[in-house]
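Dumping the structure here so I can ask a few things about it.
The values are calculated or read from the model by the stated rules, or taken from the named source; none is laboratory data. Predicted, not measured: the structure shown is a model, and the values here were computed from it. Quick reminder, even Gly has a Cβ in these numbers, built from the backbone with ideal geometry, and neighbours come from all protein chains shown. Remember, those area values only see protein heavy atoms, side chains included, never the ligands or the DNA or RNA. Shrake-Rupley method; radii C 1.70, N 1.55, O 1.52, S 1.80 Å.
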Amino acid sequence: METKIIRNSNKGEVQAFDGEVQVGQINFNIADSLLSIEHTGVVEGFERKGVAGILVQAVTDYAMNNELKIKPVCSYAQRWYKHNPQYKDILIEGE
């Protein structure tokens, strides 16, 4: 599985590919050093294969490399961070 990060101004996405086929995508916004994960989607037939987790990990790595805090708006991302408490220091909850 490979991921590709696309950023256009304050909006961005991480795309996951299985070979040449896009199998998932996560959408995010950035404002004031805060990256908000808005939506995580996986193509039908690729559910429960770890694609969504790979996407959240990729956007988390991107945020850490760019010294951004993360606000998980997406329900999947919220659950993922609960199972990965090592990232609690970069999360912004609620608001």
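Just the accessible area for residue 9, please: 1.4 Å probe, Å², rounded to the nearest 10?
Accessible area of residue 9: about 90 Å².
Now, a different point. Step through the residues of segment 71-85 one at a time and calculate ³J(HN,Hα) from phi using the Karplus curve (6.51 cos²θ - 1.76 cosθ + 1.60, θ = phi - 60°), rounding each to whole Hz and writing x for Gly and Pro.
10, x, 7, 4, 5, 5, 4, 4, 5, 4, 5, 5, 8, 10, x
At a 1.4 Å probe radius, carbon and sulfur cover how many percent of the accessible area of the chain?
46 percent
Shifting gears a bit: Using amide H atoms built in the peptide plane, which far-off residues or other-chain residues are under 5 Å from residue 35 H to H?
Those lying under 5 Å, H to H, from residue 35 are 69, 70, 71.
Sticking with this one: Which value at 222 nm does the chain reach when only helices count, each DSSP H run of 4 or more adding -39,500 (n - 2.57), with the total divided by all residues and rounded to the nearest 500 deg cm²/dmol?
-7500 deg cm²/dmol
Heavy-atom accessible area per residue, the chain, 1.4 Å probe: how many Å²?
Heavy-atom SASA per residue in the chain reads 62 Å².
A further question follows. For segment 1-79, take the convex hull of the Cα atoms, compute a quarter of its surface area, and give me that in nm², please. Show your work: numbers first, answer last.
Values: hull surface 19.6 nm².
For segment 1-79, averaging the hull's shadow over all directions gives 4.9 nm².
Distance in nm between label sites at residue 44 and residue 17, each 7 Å beyond Cα in the beta-carbon direction?
The answer from the label model is 2.4 nm.
OK, next. What are the lysines whose alpha-carbon lies under 16 Å from the alpha-carbon of residue 11, with same-chain residues fewer than 8 places away excluded?
69, 71
Give me the percent relative contact order of the chain, please, defined on Cα pairs under 8 angstrom at least 6 residues apart. Could you put the intermediate results ahead of the total?
Values: 160 pairs, mean separation 20.2, N = 95.
Relative CO of the chain lands at 21 percent.
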